[in-house]
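Worksheet: the structure to be examined is printed underneath.
The values are calculated or read from the model by the stated rules, or taken from the named source; none is laboratory data. Small disclaimer: the values here were computed from a predicted structure and weren't measured. Positions of Cβ are generated from backbone atoms using ideal geometry, with glycine treated the same way; all protein chains shown enter the neighbour counts. Ligands, DNA and RNA are excluded from the accessible area calculation, which covers all protein heavy atoms including side chains. Shrake-Rupley method; radii C 1.70, N 1.55, O 1.52, S 1.80 Å.
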Amino acid sequence: MSYEEEFLPKTGGLSFKKSAREVFSSKANDKNKELQKINPNMTFLIDWESILSLPSDLKWKARREELGPIDNAILYLKFSRKINYLCEDLPKEFCKDPDCKEAFLGLKKMILHIKHNPNDTQSNGCNFHQFGVAGEELHVTLEANLPELMREANDGSCPDAKEDAKRLTNCF
């Protein structure tokens, strides 16, 4: 199976699959190559089911028009630095420690999950990550108040890689 086949969603409508392909073409494919410079065996994936399961009544204005959660999540993935951060900044910081690097090199997949938390009050996109390791998979869950996080004004917010690396270390 090619990386593209593994990356793209297996469910969802044609419009959703087309949008996912745009995320792949515009960002994920290139950033996966950056990730593989650090760990040649690892691939970056998105849990598309987590996006499809976002509350359908959740709507907010981002990029000048009000969209639903799926369309907004796709836009966020395409235009924010989230994928860059997960595939470049965080692994570089985490692998500065030789023991952490050895653990990271044992992983085969990094899977991003997106969850809405209406009670979250922060909006800057920093350190909302929850990490978990299951076998050879690193699961990264972005849990935040999505309308607050994904507004265009917050697209440039960047998490603290040192802080996330410390939390990631606790997963091994």
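Structural remarks
- Net lengthening on full extension, Gln36/Asp99 (0.36 nm per residue, minus Cα-Cα): 20.8 nm
- Placing unit charges on the Cβ atoms of the charged side chains and taking the dipole of the chain about its Cα centre, the candidate lying farthest along the positive direction among Tyr85, Thr43, Ala28 is Ala28.
- Cα convex hull volume per residue for the stretch 52-125 (Å³): 125
- Relative contact order of the chain, defined on C-alpha pairs under 8 angstrom at six or more residues apart (%): 23
- Across the stretch 37-54, the residues whose backbone nitrogen lies under 15 Å from the label position 7 Å along the beta-carbon direction of His139 are 45-51.
- Fully extending the segment from Glu49 to Cys171, taken as 0.36 nm per residue of separation minus the present Cα-Cα distance, adds 41.6 nm.
- Count, lysine Cα pairs under 30 Å in the stretch 1-61, 8 or more residues apart or across chains: 24
- Between Leu58 and Lys92, the simple spin-label model (points 7 angstrom out along Cα→Cβ) gives 3.1 nm.
- Calculated SAXS-style log₁₀ I(q)/I(0) at q = 0.11, 0.12, 0.20 Å⁻¹ - the chain, Debye, Cα scatterers: -0.43, -0.52, -1.45
- Rolling a 1.4 angstrom probe over the chain with all protein chains present gives an accessible area of which 47% lies on carbon and sulfur atoms.
- DSSP bridge pairs, the chain: antiparallel proportion in percent, nearest 5: 45
- Three-way shape call for the stretch 75-116 based on the alpha-carbon gyration tensor, with the a/c threshold at 1.5: prolate
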